[in-house]
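These notes concern the structure reproduced below.
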């Protein structure tokens, strides 16, 4: 049986702070209509797709930030998206800020079956930025303030996506730079990673080494390596353009298990890219170079789970001078 | 204090099966002379640099393969290399097949101080290929036959390299494709990874998905991602050209902590590439995006050390139909 999936990545242009969710949802519904016309079976939207990237704004009182969070999914505001999915028979991935009934806050993504049922939920593990207002920073990045570290691990589930069953998993934004996250998905035979991001074009805290032109390269490098080394497809989907005066670099991509870019957004606006994914490709890496059971050596990886930060290595000294290594 | 290091990667053209070690060593000495003229302080030679890539040849009796192994380092054959290092004040990295006094066999690399003292030894952990003669293969790849899995972990040591102290570590060939290996080095603050390889241009076991033109891309992708995600430099150095009738793809590179290629070999012959490495660059990633102690979440990485192979994910079922996830 052929296991082909027509996959769409729906990049969003900027969402300004003053815009309500209905504006974003309306744009997403139009992108889903386009996806339907192009034969897509699934649409991947970005991280925090319903609002501006609010962690750049400081609120002393956390409750004052509740406006940015969803306490129900679907909600009145997002119902049109669920309705469109049912109408077109298209599943979708959506990133949003989640506030639980217990008042916990997460940076969350879900995959929704065309029926409207939530198939998979993921909560972002690698929160970048800081928790307190940083007066020395030109732009705040308060993800560590507004969100708890995700408590669901990196789950993978085999579920119907389009006309076939697919092993799906998710990462969110900064997660994509961490090979540990990709590997935990790979160890569960993930075939498709859905991944949304909001990444600025400029690192305002740049200390002189990181050229701005490398920021898209770093994003793509991480996604391409993650796909190659775990024999999976990914849709890495951005919010793009100038949002609240801050530029987000866009360049959404769909990547195959060889690490090749199959499709790339090149605007800073709402833009749909589509690729036909032959899921049988996932088997090659998994049965040869990346046959984990034949080649991995966990006994040599102990530091990965035994340490959080790095340690200073021993110092070598020439023979007879009292080496401590 | 400036921490600049002038680093040379000495790619070797092919070494035919019939050629003795003195031929390879003579070529390496000439490359070291060139490195000296170009101001290099350290030279990195490839994996198994003294002989042909012998794991492509089957020997039923392991002892018959002992010819390919070194039981002493330095030996008579390699003494000229140690002498040249002392003469020029250049340290070097050398890959070779090691046979221990106890008769154990490893695919090994060492870093040698200009004084001739061995500073660091590494034994390859990720052995590709197979252990028994495979009649269905057009080319044998018997690393799992001729070598034991390395028993030294992924050590890092701080040692004098050129005019400065550098945190050095090593990988060998297939290791470079495994992000776990890079991360274990990164968790020890590695600044320079020395890495030799012998990689064929053609995957003779290709099953239809991996285009041959992607093989250099995959090698570079893995090295560039490893350097970026661990904020280190690497010298990835090939044996290149047609060896015993089999093409090795070359394309040795020096990569910086931003994942950028600083220098690249473009021939299939003996070729020296040189780059000036500002080791202060390693601090940027380590103190920002890849500040491990601030951002890593080992509690979510447990599968990496708890599992060898991958597991089948749970199957999602719609509500009310008896889901088992």
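Read the figures in this text as sums done on the coordinates, not as results from a lab. These numbers come from a predicted model, not from an experiment. Ideal geometry is used to build each Cβ from the backbone, glycine not excepted, and the neighbour counts take in all protein chains shown.
Data overview
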{"read-out": "Across the identical copies, how the residue A:22 labels are spaced - nm, sorted shortest first, 7 Å along Cα→Cβ", "value": "8.9"}
{"read-out": "Cα-based equivalent ellipsoid of the stretch B:4-300: semi-axis lengths in Å, sorted from largest, via gyration tensor", "value": "28, 23, 19"}
{"read-out": "Overall Cα dimensions of the stretch B:58-182 - principal axes, largest extent first, Å", "value": "51, 37, 27"}
{"read-out": "Where labels lie 7 Å past Cα in the beta-carbon direction, separation of residue B:165 and residue B:2 in nm", "value": "2.1"}
{"read-out": "At R0 = 22 Å, FRET efficiency that the Cβ-Cβ distance of residue B:33 and residue B:79 yields, to 0.05", "value": "0.85"}
{"read-out": "Cα gyration tensor shape of the protein assembly as shown, rounded if a/c is under 1.5, else prolate or oblate by comparing a/b with b/c", "value": "prolate"}
{"read-out": "Inter-copy separations for residue A:283, label at 7 Å along Cα-Cβ, nm, ascending", "value": "5.2"}
{"read-out": "Shape category assigned to the stretch A:209-259 from the gyration tensor of Cα positions, a/c cut at 1.5", "value": "oblate"}
{"read-out": "DSSP-defined beta bridges in the protein assembly as shown - what % are antiparallel, rounded to 5", "value": "65"}
{"read-out": "Theoretical ellipticity at 222 nm over the protein assembly as shown - DSSP helices of four or more residues, -39500 (n - 2.57) apiece, nearest 500", "value": "-6000 deg cm²/dmol"}
{"read-out": "Shielding of B:188-195 by partner chains, average beta-carbon count, 10 Å", "value": "2"}
{"read-out": "Percent RCO, i.e. relative contact order, over the stretch B:4-300, from Cα pairs under 8 Å lying at least 6 residues apart", "value": "22"}
{"read-out": "Inter-label distance for residue A:18 and residue A:115, nm, one decimal - labels placed 7 Å from Cα along Cα-to-Cβ", "value": "4.4"}
{"read-out": "Estimated FRET transfer efficiency (residue A:62, residue A:283; beta-carbon r; R0 41 Å; 0.05)", "value": "0.30"}
{"read-out": "Nm distances between copies for residue B:57, ranked from closest, using label points 7 Å along Cα→Cβ", "value": "7.2"}
{"read-out": "Distance from the stretch A:10-87 to the stretch A:114-153 (C-alpha centre basis), Å", "value": "16"}
{"read-out": "Distance from the stretch A:89-109 to the stretch B:247-325 (C-alpha centre basis), Å", "value": "28"}
{"read-out": "Nearest-0.05 FRET efficiency for residue A:213 and residue B:152, computed from C-beta distance (R0 60 Å)", "value": "0.95"}
